[in-house]
Amino acid sequence: MALKSVPARPPESRTTVGRLWSSTVGKKAVMAVSGAVLLLYVVAHMVGNLKAFAGQESIDGYSAFLREFGQPILPHGGLLWIVRTALLVAVAAHMTAAIQLARRARRARPAGYERRPKVQGSYAARTMRWGGVIIALFVVYHLLDLTAGVLNPHGVQGEVHSNIVADFQRWYVVLAYTVAVVALGFHLRHGIYSGLRSLGVASAARAKAVKATALGVSVAITAGFLSVPFAVLFGIVR
Amino acid sequence: MNYTLRVWRQDGPAAEGRLVDYEVDGITPDMSFLEALDLLNERLVLDGEEPVAFDHDCREGICGMCGLMIDGVAHGPQRATTTCQLHMRSFDPAHPVVVEPWRAHPFPVVRDLVVDRSALDRIVEAGGYISAPTGSAPEAHAVPVPKPDADEAFESAACIGCGACVAACPNGSASLFTAAKVTHLGLLPQGQPERTSRARDMAQAQDDLGFGGCTQTGECTAVCPKGIPLETISRMNRDVLGGLLRSR
């Protein structure tokens, strides 16, 4: 019963990635880096969305620019497919590590406590796992809605402005987007804070700055993403 | 005063456990939590029942032996305080006080409130030392240590290995414990040569023993009787990653 010795484990991997992946600290670093890739995309996406306020030509033109970028070296839409591939790899690494670590955590406490008041960590920290699930499900809906256009009432490729205006005139679509974006905000609030610690850059001297950065970035991204749907709903963007 | 203590009773490692209510009168506000358990045990022995098994030693808050989950909080409601230094005045007699053992797969219950925490020793054995034989204590001024480093190292060295961080962590992780050990050696000149390999090996032992990973919820530092800061884990992560990025 007593843990007399450390249990045997398979020989150490010879590749750096293998060594990182076999360690919980390494896996958290993988989550931090893949999360950073996703965060960079989310920031670019949010800033691009704001072109909706500059009128139909601005955002439709931006969409066309992204598709024509790098021609003739890249094929039509080449940049987008490169970005999509990178995102897919990052999402796969992020989710696989998260699921494996969550399962490890469950095994580490097979019997729970009879009395356990709410944990002292932040709401954002407690909702990371389910928040991630909500975001993943939302991304599927979002791709069907505004990328493929299947679930969009207008649904014409390239006519970004008309698609979003048609979309966000329905209050329940705005509600769905709001839920997802707020979930993303909470996820980023703890994700940025935790990711910087996972990578070991949050020293005691920088602790306050790390916390403030996490909050500031997540609030800015949440506000930026929510501005377009609400502007359409209230007739500011039409 | 009269308190209801709702205590986890378990006859052995494999036995089924349950919470049992005990009415204990004669508890004074100045009694420590362990003294209240002593009082309960005296009554149980007089009644011919088995006393409640719990770990304790110095009762001065410095040895790390005591440690109970009290109303769902490791070491009870008072911050930066071990169970032995907690007083009964912290509790309202109107509500039963729930007392449970630390819960983690690497901390099997031995009996009642006693768990086997030797997994923490296994982590220390994996690298929590300095290999170079240094002889007797050197002249204190021979190796200068910057004051902030000395203070931070001492802050981590205050870890008494009670296991409250593991008990409180939603992931059953020992990261705060391991980080404290890694930090108090890694900040001092003697600990430099083995800094990253030590961190890597201790983190590896922690994984192999079945502890969970850290998600930075900060539960551990909130219950740590020595107030070891969460940033200690960030420092450990840096050293562990440094160790993992280069081959042995």
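The values are calculated or read from the model by the stated rules, or taken from the named source; none is laboratory data. Computed from a predicted structure; not experimentally measured. Neighbour counts run over all protein chains shown; Cβ positions are idealised from the backbone, glycine included. In case anyone asks, the SASA skips ligands and DNA or RNA and just uses the protein heavy atoms, side chains included. Shrake-Rupley method; radii C 1.70, N 1.55, O 1.52, S 1.80 Å.
On the stretch given as segment A:110-146, residues that are open to solvent by less than 40 Å² (accessible area, probe 1.4 Å) and touching a strand residue (DSSP E or B) at 6+ places or on another chain (Cβ under 9 Å) total 1. Of the helices (runs of 4 or more DSSP H) lying entirely inside segment A:127-215, those containing at least 3 residues that are within 25 Å of A:ALA231 (Cβ to Cβ) and within 14 Å of chain B (Cβ to nearest Cβ) are A:171-198. Exactly one residue out of A:ALA44, A:ALA29, A:ALA52 is open to solvent by less than 30 Å² (accessible area, probe 1.4 Å), outside any loop (DSSP other than H, G, I, E, B) and closer than 28 Å to A:TYR193 by Cα: that is A:ALA29.
Kindly establish whether B:GLY242 is more than 7 Å from every other protein chain (Cβ to nearest Cβ) and either outside any helix (DSSP H, G or I) or farther than 21 Å from B:SER118 by Cβ (or both). Criteria met by B:GLY242. Restricting attention to segment B:202-239, the residues being over 30 Å from A:LYS118 (Cβ atoms) and within 7 Å of chain A (Cβ to nearest Cβ) number 4.
Hey, can you tell me all the residues within segment B:50-89 that are small (Gly, Ala, Ser) and surrounded by fewer than 16 Cβ atoms within 10 Å (Cβ to Cβ)? Listed by number, the list holds a single entry, B:ALA80. When the criteria are applied in full, A:ARG107 meets the requirement of being open to solvent by 40 Å² or more (accessible area, probe 1.4 Å), touching a His at 6+ places or on another chain (Cβ under 8 Å), within 30 Å of B:ALA119 (Cβ to Cβ) and not in a loop (DSSP other than H, G, I, E, B). Output the residues belonging to segment A:183-211 that are open to solvent by less than 60 Å² (accessible area, probe 1.4 Å) and of a type in the set (D, E, K, R). Selection gives A:ARG189, A:ARG197. Among the residues of segment B:1-59, those identified as of a type in the set (Phe, Trp, Tyr) and either at pLDDT below 95 or outside any helix (DSSP H, G or I) (or both) are B:TYR3, B:TRP8, B:TYR22, B:PHE54.
The rows are residues; the columns are (1) without any contact (Cβ under 8 Å) to a residue 24 or more places away in the chain; (2) open to solvent by less than 40 Å² (accessible area, probe 1.4 Å).
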residue: B:THR4; (1), (2): no, yes
residue: B:GLU16; (1), (2): yes, no
residue: B:THR28; (1), (2): no, no
residue: B:MET31; (1), (2): no, yes
residue: B:LEU37; (1), (2): no, yes
residue: B:GLU42; (1), (2): yes, no
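For segment A:66-88, a residue qualifies if it is closer than 20 Å to A:GLY224 by Cβ and either outside any helix (DSSP H, G or I) or over 18 Å from the mean Cα position of the chain (by Cα) (or both), and exactly one does: A:LEU66. Flag: B:LEU185 matches the condition of being more than 20 Å from A:GLY121 (Cα to Cα), assigned to a helix (DSSP H, G or I) and either over 16 Å from the mean Cα position of the chain (by Cα) or outside the structural domain of B:GLU100 (by TED's automatic domain parsing) (or both).
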